[in-house]
Amino acid sequence: MIEGNLPVWPALDVGSGALRRASRDWHDVAVLTTRSPWAIAGQLLTRGTDAILVGGNDRTSLAACAERAARSETVVGIGSGLVMDAAKYVAKQNGQHLLQVPTTASNNACFTRTAWIMEAGVRTPERECPIPRAIIVDRELLATAPVPLNRAGIAEILCSHTALFDWRLAYEAGRPVDWDESLEEATRCELEALETLAPQVATGDVLAFEEIIKACARFAPWFSSHPHARFNAGSEHIFAWGLEAVAGIRLVHGETVALGTILMSLLQGNDPEWAASIIRAARLSFHPEDIGVTWTTVEETLRSLPRRAQMLPWYTVIDTLGSPEQAADRLARLGSEGRSYVDEVKRRST
């Protein structure tokens, strides 16, 4: 699976009628999905098949899915991030082929080999999942997803703004982080392209959502070849995952990452205004009151970050804050500074 130094990922099958065409060749498949996407996708398949509904990402639920799917040769994930991770997990557990059909542009889960699952209440990575044999992006199916959900996917590119900063911090601190200047340059090119893409995303144009998916696809080989490089996930993701855990409800990942990117770029002293300009241009929700949480929850999440950062083998700006007492003081001040700044960004967005 190596071409040069990069693992080979399948070319995207993108376009109108893509799912109907691809499903003509499906044999002996187990479809994992959730109710909303299946109500539409099930009608687009060339041949009828039963679906295994994914109820959650805890290991017990996923083990039940794996048992139901075990007799099939191929696992097909049809849905958003929850389903993409579930399909990866099941295919790995059963030694099956994997096909992925993302139904929104909201996340990049189908382009990584890590499935994030919950185990005893802790977010846990299941690594080395199989590379999909195909990734099918059906234009009509993508267009049926809620526009705000599709817009949220742009945050999975924007997050590199803070992730690159963290990655360099780790490299300069002597951490083993697969530093690669060509990868850094390629990532910065993807960030620069957001200045053109963000206004198109704001209009709700399905072709702009396809461009989000294509950008995420360009990152996929690098995720596999540089597993310790933090070029596309850093402190902003630690915040986003923490926010969902503290809130105790499922949030739109891209929206939490957008807020995390603003707050962590403030902490880094890393041009938060540029990140905010992309978020505003894309009309991406980011303010706590618009994404389903309170500022009290945000402040609690910020205070929890030093502990959460210790749970991951990453080195980010959070690790540079000093002693636990110093870190707590700085993050408390970030809560105050961040609230004023986030409120101001929202004011300028209306």
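The numbers here are math on the coordinates, done by the rules we state, and not lab data. All figures in this text were calculated on a predicted structure; none of them were measured in a lab. Note that each Cβ is placed from the backbone with ideal geometry, even for glycine, and that neighbours are counted across all protein chains shown.
Let's test the formula: R0 of 22 Å, r as the Cβ-Cβ distance of Arg139 and Thr350. What FRET efficiency results, to the nearest 0.05? Can you show the working numbers first?
Numbers: r = 31 Å, r/R0 = 1.42.
According to the calculation, E is roughly 0.10.
With a/c under 1.5 counting as rounded, go ahead and sort the stretch 206-350 into rounded, prolate or oblate using the C-alpha gyration tensor (a ≥ b ≥ c being the square roots of the eigenvalues; past the cut-off, prolate if a/b is larger than b/c, else oblate).
Numbers: a/c = 1.67, a/b = 1.13, b/c = 1.48.
Oblate is the answer for the stretch 206-350, as a/c is 1.5 or above yet b/c matches or exceeds a/b.
To make sure I understand, if each residue's beta carbon is the centre and we count other beta carbons within 10 Å, what order do Asp271, Asp166, Asp180, Asp50 fall in, fewest to most?
Values: Asp271 13, Asp166 28, Asp180 18, Asp50 9.
In order of increasing Cβ crowding within 10 Å: Asp50, Asp271, Asp180, Asp166.
Could you tell me how many degrees, from 0 to 90 and to the nearest 10, lie between the Cα long axis of helix 160-172 and the main elongation axis, the longest principal axis, of the Cα atoms of the chain?
70 degrees
Please state the relative contact order of the chain as a whole percent: Cα pairs under 8 Å, 6+ residues apart? Let's see the in-between values first.
On the way: 610 pairs, mean separation 55.1, N = 350.
Contact order relative to length: 16 percent.
Between the stretch 285-324 and the stretch 51-92, what is the separation of their alpha carbon centroids in Å?
30 Å
³J(HN,Hα) across the stretch 148-154 via Karplus (A = 6.51, B = -1.76, C = 1.60, θ = phi - 60°), whole Hz, x for Gly/Pro?
x, 5, 5, 4, 4, x, 5
Given a cut-off of under 8 Å on Cα pairs at least six residues apart, what relative contact order in percent is computed for the stretch 198-336?
Numbers: 121 pairs, mean separation 36.9, N = 139.
With pairs under 8 Å counted, the relative contact order is 27 percent.
Any idea how far the Cα center of the stretch 199-258 sits from the one of the stretch 262-280, in Å?
Measuring centre to centre over Cα atoms gives 15 Å.
Under 14 Å Cα-Cα from Lys92, which aspartates and glutamates qualify once same-chain neighbours fewer than 8 residues away are excluded?
Glu67, Glu73, Glu126, Glu128
Can you list the trypsin sites (Lys or Arg not before Pro) in the stretch 244-350 that are in a DSSP coil and have 13 or fewer other beta carbons within 10 angstrom? Walk me through the numbers before you get to the answer.
Details: sites: Arg250, Arg280, Arg283, Arg303, Arg307, Arg308, Arg330, Arg333, Arg339, Lys346, Arg347, Arg348; in loops: Arg250, Arg283.
Counting only loop positions with at most 13 other Cβ atoms within 10 Å, the trypsin sites (Lys or Arg not before Pro) in the stretch 244-350 are Arg250.
What's the magnitude of the charge dipole for the chain around its Cα centre, counting Lys and Arg as +1 and Asp and Glu as -1 at the beta-carbon? Answer in Debye, nearest 20. Display every interim value, and only then the final one.
Working: 34 positive and 43 negative charges, 168 e Å.
Dipole about the Cα centre, nearest 20: 800 debye.
Tell me, what HN-Hα J-couplings in whole Hz come from the Karplus equation 6.51 cos²θ - 1.76 cosθ + 1.60 at θ = phi - 60° for each residue of the stretch 141-146, using x for Gly and Pro?
So the Karplus estimates, Gly and Pro as x, are 5, 4, 6, 7, 6, x Hz.
Calculate for the chain the 222 nm mean residue ellipticity that helices alone would give, adding -39,500 (n - 2.57) per DSSP H run of length 4 or more and normalising by residue count, nearest 500 deg cm²/dmol.
On the way: 16 runs with 195 residues, N = 350.
Computed mean residue ellipticity for the chain: -17500 deg cm²/dmol.
Under the Karplus relation 6.51 cos²θ - 1.76 cosθ + 1.60, θ = phi - 60°, what is the ordered set of whole-Hz ³J(HN,Hα) values for the stretch 303-316, x standing for Gly and Pro?
In residue order, the calculated couplings are 5, 7, 4, x, 5, 5, 5, 5, 7, 10, x, 10, 10, 9 Hz.
Given R₀ = 25 Å, FRET efficiency for Arg68-Val122 by Cβ-Cβ distance, to 0.05?
Values: r = 25 Å, r/R0 = 1.00.
The formula returns an efficiency of 0.50 here.
Scan the chain and report its longest stretch carrying no GluC sites (Glu not before Pro) that are both in a DSSP loop and have at most 13 other Cβ atoms within 10 Å.
Working: sites that count: Glu73, Glu128.
Counting only loop sites that pass the neighbour cut-off, the longest clear stretch is 129-350.
Hand me the trypsin sites (Lys or Arg not before Pro) from the stretch 1-93 located in a DSSP loop with no more than 15 other Cβ atoms within 10 Å, in residue order please. Intermediate values should be presented prior to the final figure.
Numbers: sites: Arg20, Arg21, Arg24, Arg35, Arg47, Arg59, Arg68, Arg71, Lys88, Lys92; in loops: Arg24, Arg47, Arg71.
Passing both the DSSP loop test and the Cβ count: Arg24, Arg47, Arg71.
So the label point goes 7 Å from the Cα of Arg168 along Cα→C-beta, right? Which residues of the stretch 180-195 then have their backbone N under 14 Å from it?
Output list for this probe position: 180-189.
What is the distance in Å between the Cα centroid of the stretch 102-148 and that of the stretch 11-47?
15 Å
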